[in-house]
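**Student:** What follows is a single structure, and I will ask about it in a moment.
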Amino acid sequence: MRRIATDAGRAPAGRDARRERVLFLCGLAASFALMLALNAQTPLMMDDYDYSFSWSTGERLSGLADILRSQAAHYRIWGGRSVVHALAQLFLYWGKPVFNAFSAAMYVLLLLEILALSGRREEPRRDVLLLAAQTELLAFIPFFGTVFLWLDGACNYLFGTALALVPLLIAESEREGGFFDGGWRRGALALPLCFLAGWTNENTACGVLAVMGLLLLLDACRGRSVRAWRVAAWAAELAGVLVMLLAPGNFARASAEASRGLIAELLYRALVVTWCLIRYAGVPLAAAALLFVLGHRRGIAMRRERAALLALCALLSAYALAASPQISDRSFTSVALLALAAALTLLDDWLAAGMNRRLLPAAALMLAVCAVSGAVALRDTAAHEAAWSAQLARIETAMQNGETEVAVSGLPSRSRFTMEIALAPSPQEWPNSTLSRYFGVQIRGE
């Protein structure tokens, strides 16, 4: 079968390049504006109130030094995600408007990371890839509000994922002649970045660490020179993972989890992970498989190894959760994003082979889906914020009237862009206990 060669080395015509650049920048600006509006309409909730207090003193946060002391106590008591929880406490200290702007910018940065992992350096065609990425996130991430809008969730899964993927970008840069293609002068910058990347999120960091190690082995087996700083960067990432996993708080929490016996428990968790993998990353994985099969039949030259490594990283990040005491839906954020990057890699190969016209109807459909999803998100977050503001107004009224107790209703979530706010009947139960301390009045759930 005749193979269709890619035109990766040829830049598009000047007019087409300018149009593509304008569309790409407009897409980024629209993404930032949408996320800024959605963040502004998402209130503080649940764990946000907990992290507004120092875990060391129990008092409201008073500065950077207090946040560091708080995270030292958090490390001993609760868990090892010190980097992302320090970010959460920093934003809570600075105020929600500061978080809104940083979070919108980080969402755009995460989109750029996904495109960098999947696109070609010479001819990225990023306008179409950006549209495809935005469609996947807005339309197929069922916990969008929890991981991209809620302050504590965004610090864990938006900021955390963006940082955890940095070693993959460094490896790509070194292997393909980018910024890190050199000796220690630039490679030394990778060490602190990889250390922090390892100290972010248990399953994502472990998946990325494994793929980074595999890349080192592949290069060594193929006779490619492996620079010493790459090995040092991998060791730094491993150190970050170990610092996170060996936190005393992790063992304290794990000891409280019920067990079915080691083998039965691991099998059960593997089944749960498999189901969640299909549910949350099934669409991009299926799209990648379809693009590969159809592209192979058409003779399109595809970067199979790159797509396979990204898909493998997604799978490893998912099944690392089998060793976690808790498997939450939002832990599959990075899994879905890595699967998306694998699909976009093959989509970019289609575009490089001159299949643009065949994808125009799909691009128009994706644009419509993004527009509708964005409008729904704005509507749902506005309604959710208004409902919670009404409950906060009841608390403020009680405080002004000198009342010692007030009844407040929780809020269910009926949209993937919002999160449930659940309250307990008693003021002494969580999260009522934290809300009572935060507002200075006893709060019970209706």
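**Student:** Within the range 404-424, which residues are within 24 Å of Gly58 (Cβ to Cβ) and not in a strand (DSSP E or B)? Full working, then the answer.
**Tutor:** Within the range 404-424, the first condition is being within 24 Å of Gly58 (Cβ to Cβ), and the residues that meet it are 404-406, 408, 421-424.
Correct list: Thr404, Ala422, Leu423, Ala424.
Rundown of residues vs (1) aliphatic (A, V, I, L, M); (2) more than 30 Å from Ile141 (Cβ to Cβ); (3) within 21 Å of the chain's Cα centre (by Cα); (4) modelled with pLDDT under 85, yes/no style:
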{"position": "Thr204", "(1), (2), (3), (4)": "no, no, yes, no"}
{"position": "Val211", "(1), (2), (3), (4)": "yes, no, yes, no"}
{"position": "Phe292", "(1), (2), (3), (4)": "no, no, no, no"}
{"position": "Met302", "(1), (2), (3), (4)": "yes, no, no, no"}
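**Student:** In the list Cys313, Cys276, which residue meets the criterion of being in a helix (DSSP H, G or I), out of contact with any Phe, Trp or Tyr (no Cβ under 8 Å at 6 or more places or on another chain), surrounded by 14 or more Cβ atoms within 10 Å (Cβ to Cβ) and in contact (Cβ under 8 Å) with a residue 24 or more places away in the chain? Can you show your working first?
**Tutor:** Working: Cys276 fails: out of contact with any Phe, Trp or Tyr (no Cβ under 8 Å at 6 or more places or on another chain).
None of the other options fit; the residue is Cys313.
**Student:** Here is a further query. Got a sec? Which of Ser433, Ser389, Ser373 is modelled with pLDDT of 85 or more and under 25 Å from Leu137 (Cα atoms)?
**Tutor:** Numbers: Ser433 fails: under 25 Å from Leu137 (Cα atoms); Ser389 fails: under 25 Å from Leu137 (Cα atoms).
On inspection, the qualifying residue turns out to be Ser373.
**Student:** So which of Pro427, Pro412, Pro361 is more than 22 Å from the chain's Cα centre (by Cα), open to solvent by less than 30 Å² (accessible area, probe 1.4 Å) and free of Cβ contacts under 8 Å to residues at least 24 places away in the same chain? Write out each step before concluding.
**Tutor:** Working: Pro412 fails: open to solvent by less than 30 Å² (accessible area, probe 1.4 Å); Pro361 fails: open to solvent by less than 30 Å² (accessible area, probe 1.4 Å).
It is Pro427.
**Student:** Could you check the range 94-119 and list, in sequence order, the residues that are charged (D, E, K, R) and open to solvent by 30 Å² or more (accessible area, probe 1.4 Å)? Reasoning before the result, please.
**Tutor:** As a first pass, look at the range 94-119 and keep what is charged (D, E, K, R): 96, 113.
Scanning the range 94-119 gives a single hit, Lys96.
**Student:** Those residues that are in contact (Cβ under 8 Å) with a residue 60 or more places away in the chain, of a type in the set (A, V, I, L, M, F, W, C) and open to solvent by less than 50 Å² (accessible area, probe 1.4 Å), I need them from the range 62-86; list them, please. Can you show your working first?
**Tutor:** Initial filter on the range 62-86 (in contact (Cβ under 8 Å) with a residue 60 or more places away in the chain): 74-85.
Then keep just the ones that are of a type in the set (A, V, I, L, M, F, W, C); that gives 77-78, 83-84.
Selection gives Val83, Val84.
**Student:** On to the next question. If Asp329 satisfies all but one of (1) of a type outside the set (Val, Ile, Thr); (2) open to solvent by 10 Å² or more (accessible area, probe 1.4 Å); (3) farther than 23 Å from Ala205 by Cβ; (4) in contact (Cβ under 8 Å) with a residue 12 or more places away in the chain, what's the number of the condition it fails?
**Tutor:** Result: Asp329 passes all but (3).
The values are calculated or read from the model by the stated rules, or taken from the named source; none is laboratory data. Just so it is clear, the model here is predicted, and its values are computed rather than measured. Quick reminder, even Gly has a Cβ in these numbers, built from the backbone with ideal geometry, and neighbours come from all protein chains shown. Surface accessibility is based on the protein's heavy atoms, side chains included, excluding ligands, DNA and RNA. Shrake-Rupley method; radii C 1.70, N 1.55, O 1.52, S 1.80 Å.
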